[in-house]
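The values are calculated or read from the model by the stated rules, or taken from the named source; none is laboratory data. All figures in this text were calculated on a predicted structure; none of them were measured in a lab. Note: ideal-geometry Cβ built from the backbone for every residue, glycine included; neighbour counts use all protein chains shown. These area figures cover heavy atoms from the full protein model, side chains too; ligands, DNA and RNA do not enter into them. Shrake-Rupley method; radii C 1.70, N 1.55, O 1.52, S 1.80 Å.
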Amino acid sequence: MKTKTTILFLCTGNSCRSQMAEAWAKALKPETLDAYSAGVDPQGMNERAVKVMAECGVDLSNQRSKHVDELGAVAFDYVVTVCDQAHEACPFVPGARVVHIGFDDPPRLAEDAATETEALHHYRRVRDEIRQFIERLPEELHGNADG
């Protein structure tokens, strides 16, 4: 009998939100979640995301930005799209239920920041929102899945 829920956090660039979600899942729910992240157009790791996660004791430095095709052999129970663009471009993943939980885009929000402190504020807020979502998994997924 399968004991863990296998979940893919999908975002366009796999550089920030999906990476944070994967890391939170591995840090907070290793006994119930088998977490991965990928993108439909990987952009590399976002250094500010790495920095704000490190502030919470979660190390992203060993993670890398991946294309969803790199995970082809993994059988996912759920695909959680964490940005609207990834939800719209979500590839068909056989056997997986798709859940869209959109989070604000920290890089976009930080574009107009006057200081690094102001920019990091956006990353911290989204980091904390993602953590709260992960803390409610896997139960949160059951009522939100498409199809």
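Taking θ as phi - 60°, what are the ³J(HN,Hα) couplings along the stretch 94-104 by the Karplus curve (6.51, -1.76, 1.60), each to the nearest whole Hz, with x for Gly and Pro?
Ordered by residue, 3J(HN,Hα) equals x, x, 9, 8, 9, 10, 9, 10, x, 10, 4 Hz.
I need to check one value: relative contact order of the chain, counting alpha carbon pairs closer than 8 Å and at least 6 residues apart, in percent.
Over the chain, the number comes to 27 percent.
Could you sort out which of Lys26/Lys66; Lys4/Lys29; Lys4/Lys51; Lys29/Lys66 sit more than 19 Å apart by Cα distance in this structure?
Lys4/Lys51; Lys29/Lys66
Give the accessible surface of the stretch 1-144 per residue, rounded to a whole number of Å², with probe radius 1.4 Å and ligands, DNA and RNA excluded.
Dividing the accessible area of the stretch 1-144 by its residue count gives 50 Å².
Sketch the reach of a paramagnetic label on Asp84 as a point 7 Å from Cα along Cα-to-Cβ, and name the residues of the stretch 10-53 whose backbone nitrogen lies under 16 Å away.
Counting backbone N atoms under 16 Å from the label point, the list is 11-13.
For the chain, what % of the accessible area comes from carbon and sulfur atoms, probe 1.4 Å?
48
Over all directions, average the projected area of the Cα convex hull of the chain and note it in nm².
8.5
Can you work out ³J(HN,Hα) from phi for every residue in the stretch 135-140, in order, using Karplus 6.51 cos²θ - 1.76 cosθ + 1.60 and θ = phi - 60°, giving whole Hz and x for Gly and Pro?
4, 8, 8, x, 3, 4
Quote the accessible area belonging to Glu118 in square angstrom, nearest 10, computed with a 1.4 Å probe and with ligands, DNA and RNA left uncounted.
Accessible surface of Glu118 is approximately 80 Å².
Place a label point 7 angstrom from the Cα of Ala54 along the Cα-to-Cβ direction, then list the residues of the stretch 82-125 whose backbone nitrogen is under 19 Å away.
Correct set: 107, 116-125.
Give me the one-decimal nm value for the distance between modelled label points at Glu140 and Ser61, 7 Å along each residue's Cα-to-Cβ direction.
With each label point 7 Å from Cα toward Cβ, the separation is 2.8 nm.
Put Lys29, Lys4, Lys51 in order of accessible area, largest first, 1.4 Å probe: what do you get?
Final ranking, largest accessible area leading: Lys51, Lys4, Lys29.
For the stretch 119-125, in order, what is each residue's ³J(HN,Hα) by Karplus, 6.51 cos²θ - 1.76 cosθ + 1.60 with θ = phi - 60°, in whole Hz (x at glycine and Pro)?
4, 5, 4, 5, 5, 5, 4
For the stretch 31-108, state the semi-axes of the equivalent ellipsoid (square roots of 5 times the eigenvalues of the alpha-carbon gyration tensor), sorted largest first and rounded to whole angstrom.
Output for the stretch 31-108: semi-axes of 22, 15, 13 Å.
Run the helix sum for the chain: -39,500 (n - 2.57) per DSSP H stretch of 4+ residues, divided by residue count, reported at 222 nm to the nearest 500 deg cm²/dmol.
When only DSSP H runs of four or more count, the value is -10500 deg cm²/dmol.
Using 0.36 nm per residue of separation minus the Cα-Cα distance, give me the extension gain between Ala113 and Leu28 in nm, one decimal.
Full extension from Ala113 to Leu28 adds 27.5 nm.
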